[in-house]
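The block underneath contains the structure these notes are about, expressed in structure tokens.
The values are calculated or read from the model by the stated rules, or taken from the named source; none is laboratory data. Predicted model only: the values in this text are computed from it and were never measured. We work out accessible area using only protein heavy atoms, side chains counted, and drop any ligands, DNA or RNA first. Shrake-Rupley method; radii C 1.70, N 1.55, O 1.52, S 1.80 Å.
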Amino acid sequence: MNRRDVLKGLSAVAAISALPIRHAWAARVDSTYKGVKLGLITGTLNPLPNVPGKDPIDVIIENCLAIGAANIELVNVGGPMPPAVVAGGRFGQAPDQRTPEYLKSREVLRQWRINLPLDRFREVRKKFDDAGLNLFSYVYTIDDDMTDPEIDAVFRQMQALKVNYFCTNQTRVTMAPRMVPFAAKYNVKPAWHPHDNVDSSVEVATPETLEKLLAMSKNFVVNLDIGHYTAGNNDAVAFLKKHHDRISHLHIKDRKRNHGPNVQLGEGDTPIKESLALIRDNKWPIYAILEREYRGPGTPVEEAKWQMDYMKKALDATT
């Protein structure tokens with residue numbers, strides 16, 4: 001080697017050594033296991049500790065790295081709290097009776113949402129990128145009384161966050177037609193999320209409602225929550241086989257049938273092992289995202305690690 005080559009080599013070593021340990025560690029994080037892209041929704045980490053002077057997003061990132069979860073669905077970007085709505089409905093929806101107090105406070109929230117700066121969304125994206133984590137999805141409910149400018153603002157915020165998908169959470173079927181043009185405009189795909197309230201025609205819960213949604217737009221996909229879907233006495237494996245090409249990710253939790261409770265993974269009726277095996281064996285590009293809703297005695301990080309290990313052991317099993 002001549003002197004120039006030696007100096008180049010020393011410079012490269014120095015550059016690598018100068019990287020913060022956090023970045024070097026994060027760069028090695030890969031939660032793909034047996035070809036299946038494992039990860040978590042950040043609600044899994046609740047209750048999140050309040051660390052004075054520390055951005056909650058930094059706490060979330062540290063916990064994701066500790067768990068070894070690289071593929072992340074974010075519930076909240078943090079930052080300024082939105083204005084409170086007076087006498088609102090459940091899960092962010094409008095109430096059955098819209099009082100003057102509700103309407104006034106709802107308009108305040110609407111204007112706040114429409115005028116919310118995008119800087120925080122870009123900042124959060126950078127934090128995840130710098131940590132080497134794949135922030136691929138956000139969570140948002142498009143509630144029944146959102147105006148078009150409000151829906152546009154929400155999609156614009158998700159575009160600034162640079163996510164490909166968003167879990168529709170409690171969004172109802174009735175809002176889907178209004179979301180079609182915004183999904184196309186901003187290239188952010190609503191991933192429709194079912195619950196177990198199968199007796200309602202406006203809720204996302206049955207194979208029929210999910211198929212109705214998929215028929216509305218090529219930009220609509222499904223975030224199949226196999227726990228809720230099973231609790232509503234639906235067949236998650238059958239839906240996965242039939243519509244795997246339109247499913248962005250699974251929410252992995254365990255519940256009992258007949259609207260039963262959340263239980264520890266492996267103790268309910270949810271076909272977790274069968275679903276993971278299908279993704280593994282068919283090499284489908286579907287994320288398997290842990291959503292820890294059963295609360296055991298450990299810390300959120302301890303329990304999430306155990307549940308991630310459960311998913312890996314399930315993938316180790318032969319078909």
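Calculated [222 nm] ellipticity per residue, helices only, for the chain: -13500 deg cm²/dmol; basis is -39500 (n - 2.57) per DSSP H run with n ≥ 4, divided by all residues, nearest 500.
Computed on protein heavy atoms with a 1.4 Å probe, the accessible areas place His259, His251 in the order His259, His251, largest first. For the range 40-194, a Kirkwood hydrodynamic radius built from all Cα pairs, placed in the Stokes-Einstein relation at 10 °C and 1.306 mPa s, yields a translational diffusion coefficient of 96 µm²/s. A Gaussian network model of the chain, with springs between Cα atoms under 10 Å, assigns the largest mean-square fluctuation among Gln111, Gln170, Gln307 to Gln111. For Arg257, the residues whose modelled amide H falls within less than 5 Å of its own, excluding neighbours fewer than 5 places apart on the same chain, are Asp269. Is the C-alpha gyration tensor of the range 160-204 telling us rounded, prolate or oblate? Criteria: a/c under 1.5 is rounded; beyond that, a/b larger than b/c is prolate, otherwise oblate. Cα axes put the range 160-204 in the oblate bin.
What shape does the range 178-219 take by its C-alpha gyration tensor, where a ≥ b ≥ c are the square roots of the eigenvalues and a/c under 1.5 counts as rounded, a/b above b/c as prolate, and the rest as oblate? If you can, show how the numbers build up before the last one.
On the way: a/c = 2.66, a/b = 2.34, b/c = 1.14.
Prolate, since a/c reaches 1.5 and a/b exceeds b/c.
3J(HN,Hα) along the range 82-92: x, x, 6, 9, 8, 6, x, x, 7, 6, x Hz, from the Karplus curve 6.51 cos²θ - 1.76 cosθ + 1.60 with θ = phi - 60°, whole Hz, x for Gly and Pro. By a 1.4 Å probe calculation restricted to protein chains, Lys185 has an accessible surface near 130 Å², given to the nearest 10.
Between 0 and 90 degrees, the angle of helix 272-282 with respect to the longest Cα principal axis of the chain falls at about 60 degrees. Sorted largest first, the spans of the alpha carbon positions of the range 61-147 along the three principal axes are 47, 24, 19 Å. For Phe166, the residues 5 or more places off, or on other chains, whose built amide H falls under 5 Å of its own are Tyr138, Lys189, Ala191. Can you bin the range 182-319 into rounded, prolate or oblate? Criterion: square roots of the alpha carbon gyration tensor eigenvalues sorted a ≥ b ≥ c, rounded for a/c under 1.5, prolate for a/b above b/c, oblate for the rest. Note, shape of the range 182-319 comes out prolate.
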